[in-house]
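Read the structure below first, then the notes.
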Ligand SMILES: Nc1ncnc2c1ncn2[C@@H]1O[C@H](COP(=O)(O)OP(=O)(O)OP(=O)(O)O)[C@@H](O)[C@H]1O
């Protein structure tokens with residue numbers, strides 16, 4: 001009912017002159033992010049997933065949901081350029097993703113802050129890496145802007161050991177946003193947080209994403225989190241042994257979120273279509289994600 005079957009393709013081309021010689025140019029680059037027939041196999045005969053193709057538009061928020069081990073983190077790492085696929089290609093903004101880049105911000109469940117640096121210094125480190133020519137004042141203004149965005153101005157000169165788990169995760173988010181990446185990749189960023197903190201940070205993230213029109217790809221196990229945040233939800237199955245042999249995991253469905261984009265956590269349950277959408281995703285996880 002909500003499935004987006006149309007992976008739009010257009011003939012618009014990226015100027016070859018702007019492309020380094022070792023990078024391919026996507027022949028079809030209508031999507032800001034274009035994932036083409038991605039597969040990953042640690043054992044050749046039993047790929048974790050195969051034939052994963054999807055597109056994302058600029059400014060779109062996409063969540064991916066699937067059971068443990070189906071390959072979500074592997075896909076995110078390939079999008080980040082931190083891992084390579086066994087086959088297939090990823091193009092972002094018309095260029096092939098061939099390695100890590102400051103054009104992509106990544107936030108993992110563990111916040112990965114440098115413990116000997118303050119919040120300000122942690123974020124300044126990222127900002128200076130992104131814009132090495134910037135002066136002190138420019139860096140300071142950028143750091144303070146993004147720390148304020150996650151509500152941590154009062155803790156800007158504290159070290160990670162002086163912060164709660166939620167605060168540390170906010171710093172990770174501020175750091176990822178501060179380099180103004182073309183794309184943000186979030187791997188269960190709130191997985192380790194208590195429900196109350198998680199809810200607050202979900203609201204904050206949603207506000208910042210709407211304000212900055214950031215393109216986001218996020219892994220979550222939380223169906224409500226996906227419904228709150230995502231414009232589209234990708235449903236992924238696990239590889240499994242069937243009567244006709246091993247079948248790799250892959251994308252089973254792309255679900256468009258029909259709820260109004262300006263939704264909030266408090267009103268989510270009252271919106272028309274919420275329970276239908278939730279039941280659809282839960283049914284997938286219970287009965288289709290592992291069965292073929
Ligand atoms: N280096 C590796 N060598 C062999 N197998 C691996 C390696 N890395 C990951 N795998 C396997 O690949 C599969 C996919 O792993 P991945 O972490 O991408 O799954 P996931 O869907 O993100 O899981 P989770 O929800 O538990 O984080 C798993 O079965 C995992 O055991």
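The values are calculated or read from the model by the stated rules, or taken from the named source; none is laboratory data. The shown structure was predicted, so the numbers you read here are calculated from the model rather than taken from an experiment. When we count neighbours, we look across all protein chains shown, and the Cβ atoms used for this are built from the backbone with ideal geometry, even at glycine.
Kindly check whether there is at least one residue in the stretch 220-238 that is surrounded by fewer than 17 Cβ atoms within 10 Å (Cβ to Cβ), closer than 14 Å to residue 72 by Cβ and out of contact with any helix residue (DSSP H, G or I) (no Cβ under 7 Å at 6 or more places or on another chain).
yes
With the structure loaded, tell me whether residue 227 is within 29 Å of residue 165 (Cα to Cα) and modelled with pLDDT of 95 or more or whether it fails that test. Break it down into steps so the answer makes sense when it comes.
Working: within 29 Å of residue 165 (Cα to Cα): yes; modelled with pLDDT of 95 or more: yes.
Answer is yes for this residue.
Mind counting the residues in the stretch 182-201 that are surrounded by 23 or more Cβ atoms within 10 Å (Cβ to Cβ) and in a loop (DSSP other than H, G, I, E, B)?
2
For the stretch 80-113, which residues satisfy the criterion of being part of a loop (DSSP other than H, G, I, E, B) and touching a helix residue (DSSP H, G or I) at 6+ places or on another chain (Cβ under 6 Å)?
Initial filter on the stretch 80-113 (part of a loop (DSSP other than H, G, I, E, B)): 81-86, 93-94, 97-103, 108-113.
Residues satisfying the conditions are 83, 85, 102, 111, 113.
Only one of 262, 188 is more than 16 Å from the ligand (Cβ to nearest atom) and either modelled with pLDDT of 85 or more or within 17 Å of residue 65 (Cβ to Cβ) (or both); which?
Values: 188 fails: more than 16 Å from the ligand (Cβ to nearest atom).
Result of the check over 262, 188: 262.
State all residues of the stretch 212-222 that are farther than 22 Å from residue 122 by Cβ and either in a helix (DSSP H, G or I) or away from the ligand (no atom under 16 Å from the Cβ) (or both); if no residue qualifies, say none.
213, 215
Regarding residue 35, is this residue assigned to a strand (DSSP E or B), touching a helix residue (DSSP H, G or I) at 6+ places or on another chain (Cβ under 7 Å) and modelled with pLDDT of 90 or more? Let's see the steps before the verdict.
Working: assigned to a strand (DSSP E or B): yes; touching a helix residue (DSSP H, G or I) at 6+ places or on another chain (Cβ under 7 Å): no; modelled with pLDDT of 90 or more: yes.
Criteria not met by residue 35.
Enumerate the pairs (first residue in the stretch 55-70 and on the phi > 0 side of the Ramachandran plot; second residue anywhere and loosely packed, with under 14 Cβ neighbours inside 10 Å) with beta-carbon separation below 9 Å, excluding pairs fewer than 6 apart on the same chain, so at least 6 apart or on different chains.
59/213
Look at residue 41 and say whether it is surrounded by 14 or more Cβ atoms within 10 Å (Cβ to Cβ), more than 10 Å from the ligand (Cβ to nearest atom) and either farther than 26 Å from residue 181 by Cβ or without any contact (Cβ under 8 Å) to a residue 40 or more places away in the chain (or both). Spell out the reasoning first.
On the way: surrounded by 14 or more Cβ atoms within 10 Å (Cβ to Cβ): yes; more than 10 Å from the ligand (Cβ to nearest atom): no; either farther than 26 Å from residue 181 by Cβ or without any contact (Cβ under 8 Å) to a residue 40 or more places away in the chain (or both): yes.
When the stated conditions are applied, residue 41 does not pass them.
Restricted to the stretch 48-70, and to residues that are within 12 Å of the ligand (Cβ to nearest atom), touching a strand residue (DSSP E or B) at 6+ places or on another chain (Cβ under 7 Å) and outside any strand (DSSP E or B), which residue is nearest to residue 216 (Cα to Cα)?
At the first step, the residues of the stretch 48-70 found to be within 12 Å of the ligand (Cβ to nearest atom) are 48-49, 52, 64-70.
From what is left, the residues that are touching a strand residue (DSSP E or B) at 6+ places or on another chain (Cβ under 7 Å) are 48-49, 52, 64-66, 70.
Filter once more, keeping what is outside any strand (DSSP E or B): 48, 70.
Values: 48: 24, 70: 20 Å.
Here the residue is 70.
Of the numbered conditions (1) touching a residue at least 40 places away in the same chain (Cβ under 8 Å); (2) assigned to a helix (DSSP H, G or I); (3) out of contact with any helix residue (DSSP H, G or I) (no Cβ under 8 Å at 6 or more places or on another chain), residue 116 satisfies every one except a single condition; which is it?
(2)
Somewhere in the stretch 71-84, is a residue crowded, with 21+ Cβ neighbours inside 10 Å, within 12 Å of the ligand (Cβ to nearest atom) and more than 15 Å from the chain's Cα centre (by Cα)?
No, the conditions are met nowhere in the stretch 71-84.
Residues checked against (1) more than 20 Å from the chain's Cα centre (by Cα); (2) in contact (Cβ under 8 Å) with a residue 60 or more places away in the chain:
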position	(1), (2)
220	no, yes
223	no, yes
227	no, no
233	no, yes
239	yes, yes
249	no, yes
254	no, yes
272	yes, no
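Taking the condition in a helix (DSSP H, G or I) and within 14 Å of residue 67 (Cα to Cα), does residue 277 pass? Show your work before the answer.
Details: in a helix (DSSP H, G or I): yes; within 14 Å of residue 67 (Cα to Cα): no.
Here the answer is no, as residue 277 does not meet what is asked.
Restricting to the stretch 146-181, count the residues that are in a helix (DSSP H, G or I), out of contact with any strand residue (DSSP E or B) (no Cβ under 9 Å at 6 or more places or on another chain) and touching a residue at least 12 places away in the same chain (Cβ under 8 Å). Let's see the steps before the verdict.
Kept after step one, since they are in a helix (DSSP H, G or I), are these residues of the stretch 146-181: 146-149, 153-155, 160-162, 165-178.
Right, trim to out of contact with any strand residue (DSSP E or B) (no Cβ under 9 Å at 6 or more places or on another chain) and you get 146-149, 153-155, 160-162, 165-168, 170-171, 174.
After this cut, where a residue has to be touching a residue at least 12 places away in the same chain (Cβ under 8 Å) as well, the list is 146-147, 149, 155, 160-161, 165-168, 170-171, 174.
Adding up the residues that qualify gives 13.
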